[in-house]
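Asker: Okay, here's the structure, questions in a sec.
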Amino acid sequence: MDYVYGPGRNHLFVPGPVNIPEPVIRAMNRNNEDYRSPAVPALTKTLLEDVKKIFKTTTATPFLIPTTGTGAWESALTNTLSPGDRIVSFLIGQFSLLWIDQQQRLGFNVDVVESEWGQGANLDILASKLAADTAHTIKAVCIVHNETATGVTNNLAKVRRILDDYSHPALFLVDGVSSICALDFRPKALEATKTAKSVRVFFDWNDYLKFYKLGTYWPYTPSIQLLYGLRTALDLIFEEGLDNVIARHSRLGKATRLAVEAWGLKNCTQKEEWFSDTVTAVVVPPYIDSSEIVRRGWKRYNLSLGLGLNKVAGKVFRIGHLGNLNEHRNYSSQETIVSSVAESDFDLYMYFQLQLLGCLAGVEMILKDVGYPVKLGSGVAAACAYLQNNTPLIPSRI
Ligand SMILES: Cc1ncc(COP(=O)(O)O)c(C=O)c1O
């Protein structure tokens, strides 16, 4: 079995699932417990309060439902809308495409606004649709904040502004799966659940609300391990500081883009205003199949990169730079390791903890493998030059 994983660590640079901090892994490594005991509701109460801070709200009501991103989509749609409702939805890549497919299968009347893959949502069309909709037939505007397939980040504040400019009451539903920012669940969404006629059972927020009132919180058996994992994840985020987390991702994004530029390759994202700080989709020359780059990374360097999906399959590979990732080394794992290795091995372990730069070095070797004339070290040097000038001290160690 060990052989399957190879020596050392897997360098996970897909844009999800992402690297999990060691303390979170350890927090989840525990037995189940009786969720009707006082301990689990007490824990849940802190989680619901603290999750709000991540979403930068003090008033909204969050729901913790064990599911995947696809389940979160369904939960948001069915709790707020009724079959036949008109919604405006932006198609800019594979994940917005999948969400639109779900919206259509749930019976909504989806007004699709399509852009070329690599571009952001066309907000001029949104403005014209809202302007024409004086009867307020549009019940929701759905947008993927960060299109993980192309590395495009949409401007949520601008969408909000456009809705406000037209005083349009449509709900603003945001997919925040690969964005580090918040889903803006305003009280309006909860209000809408009173009239929404979509069939929903497992995801029905009303069931949760009933148990919130009782103070027991769970209509169904919660995943105990996920609750403890979330508690630790929130603690780590607060320790680093949410704004510092955002700034760190900004540096990771910028460093990656500088490396791509130094390699002489193009970013799939066509304009700077849409550049994503969590994922970069890199366009390869037509004589290279980007899937081969991903295969090679896995087979030769134990490096996991993201494939190009659907329309951009074979044309792009993706570097995910989000989650438990830093510019230089993974401090939390390092601390654990240091206590168990001899001092002389310390530098070696430090080397193995290189994260983004390790990935960029790996990509360079792969590019050479597949016949792209890259200058080894060029991207790493560009990223290093930027990071060396811009990386602050670790906030908790100042
Ligand atoms: C932006 C975005 N939305 C939704 C999803 C779907 O999430 P899941 O596959 O966990 O259902 C993904 C998955 O990568 C995603 O990147």
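Asker: If packing is taken as the mean number of other Cβ atoms within 10 Å per residue, what is the order of 311-323, 34-46, highest first?
Answerer: Per-residue mean Cβ counts within 10 Å order the peptides as 311-323, 34-46.
Asker: Express the accessible area of segment 36-220 per residue in Å², computed with a 1.4 Å probe while the remaining protein chains stay in the model.
Answerer: Numbers: 8340 Å² over 185 residues.
Ligands and nucleic acids excluded, the figure is 45 Å² per residue.
Asker: If you place +1 on the Cβ of every Lys and Arg and -1 on the Cβ of every Asp and Glu, how big does the dipole about the Cα centre of the chain come out, in debye to the nearest 20?
Answerer: So the dipole magnitude of the chain works out to roughly 380 debye.
Asker: Assuming a ≥ b ≥ c are the square roots of the Cα gyration tensor eigenvalues, decide whether segment 215-327 counts as rounded (a/c under 1.5), prolate (otherwise, with a/b larger than b/c) or oblate.
Answerer: Because a/c hits 1.5 or more and a/b exceeds b/c, segment 215-327 counts as prolate.
Asker: Same structure, new question: Mind checking the angle between helix 290-301 and the chain's longest principal axis? C-alpha axes, 0 to 90 degrees, to the nearest 10.
Answerer: That helix lies at roughly 50 degrees to the long axis.
Asker: Straight-line reach only, C-alpha to C-alpha below 30 angstrom: list the lysines that residue 52 could link to, leaving out same-chain residues fewer than 8 apart.
Answerer: Qualifying lysines at Cα under 30 Å: 139, 158, 188, 194, 197, 210, 213, 254.
Asker: Here is a follow-up. Per DSSP H run of at least 4 residues, take -39500 (n - 2.57); add these up for the chain, divide by its residues and hand me the 222 nm value, nearest 500 deg cm²/dmol.
Answerer: Details: 16 runs with 179 residues, N = 398.
One gets -13500 deg cm²/dmol as the mean residue ellipticity at 222 nm.
Asker: Can you find, among 302, 245, 373, the residue farthest towards the positive end of the dipole of the chain? Put +1 on the C-beta of Lys and Arg, -1 on that of Asp and Glu.
Answerer: In the chain, that residue is 245.
Asker: Of the accessible area of segment 36-220, with the probe set at 1.4 angstrom, what percent is carbon plus sulfur?
Answerer: Using a 1.4 Å probe with all protein chains present, segment 36-220 comes out at 57 percent carbon and sulfur.
Asker: Over segment 152-289, what number does the Rg to Rh ratio reach, with both radii from the alpha-carbon atoms and Rh per Kirkwood? Walk me through the intermediate numbers first.
Answerer: Details: Rg = 20.3 Å, Rh = 19.1 Å.
My calculation puts Rg/Rh at 1.06.
Asker: Here is a further query. Output the Kirkwood hydrodynamic radius of segment 205-252, Cα pairs only, in Å rounded to one decimal. Write down the numbers at each step before the final one.
Answerer: Details: mean 1/r = 0.0768 Å⁻¹.
Averaging 1/r across every pair of different Cα atoms and inverting gives 13.0 Å.
Asker: Could you work out the relative contact order of the chain? I mean the mean sequence separation of Cα pairs under 8 Å and 6+ apart, divided by the number of residues, in percent.
Answerer: Values: 621 pairs, mean separation 83.5, N = 398.
Reported as a whole number, the value is 21 percent.
Asker: Right, here's the next one. Can you bin the chain into rounded, prolate or oblate? Criterion: square roots of the alpha carbon gyration tensor eigenvalues sorted a ≥ b ≥ c, rounded for a/c under 1.5, prolate for a/b above b/c, oblate for the rest.
Answerer: The shape class here is oblate.
Asker: Quick one: among 107, 358, 16, which has the greatest mean-square fluctuation in a GNM of the chain with alpha-carbon springs under 10 angstrom?
Answerer: In this elastic network of the chain, the residue with the biggest mean-square fluctuation among 107, 358, 16 is 107.
Asker: Next question, about the same structure. Can you give me the angle between helix 378-390 and the longest principal axis of the chain, using Cα atoms only, in degrees from 0 to 90, rounded to the nearest 10?
Answerer: The two axes meet at around 70 degrees.
Asker: Between residue 195 and residue 29, 0.36 nm times their residue separation minus their Cα-Cα distance comes to what?
Answerer: Contour length minus the Cα-Cα distance gives 55.6 nm.
Asker: Using only Cα atoms, tell me the angle between helix 156-165 and the longest principal axis of the chain; keep it within 0 to 90° and round to the nearest 10.
Answerer: Taking Cα atoms only, the helix is inclined about 30 degrees.
Asker: In the calculated pair distance distribution of segment 36-220, what percentage of Cα-Cα distances lie above 30 Å? The partial results should precede the final answer.
Answerer: On the way: 3200 of 17020 pairs.
Above the 30 Å cut-off, segment 36-220 has 19 percent of its Cα pairs.
The values are calculated or read from the model by the stated rules, or taken from the named source; none is laboratory data. Just so you know, these numbers come straight off a predicted model, no measurement behind them. Every residue, glycine as well, gets a Cβ built from its backbone with ideal geometry; the counts of neighbours run over all protein chains shown. These accessible areas exclude ligands, DNA and RNA; they are computed on the full protein's heavy atoms, side chains included. Shrake-Rupley method; radii C 1.70, N 1.55, O 1.52, S 1.80 Å.
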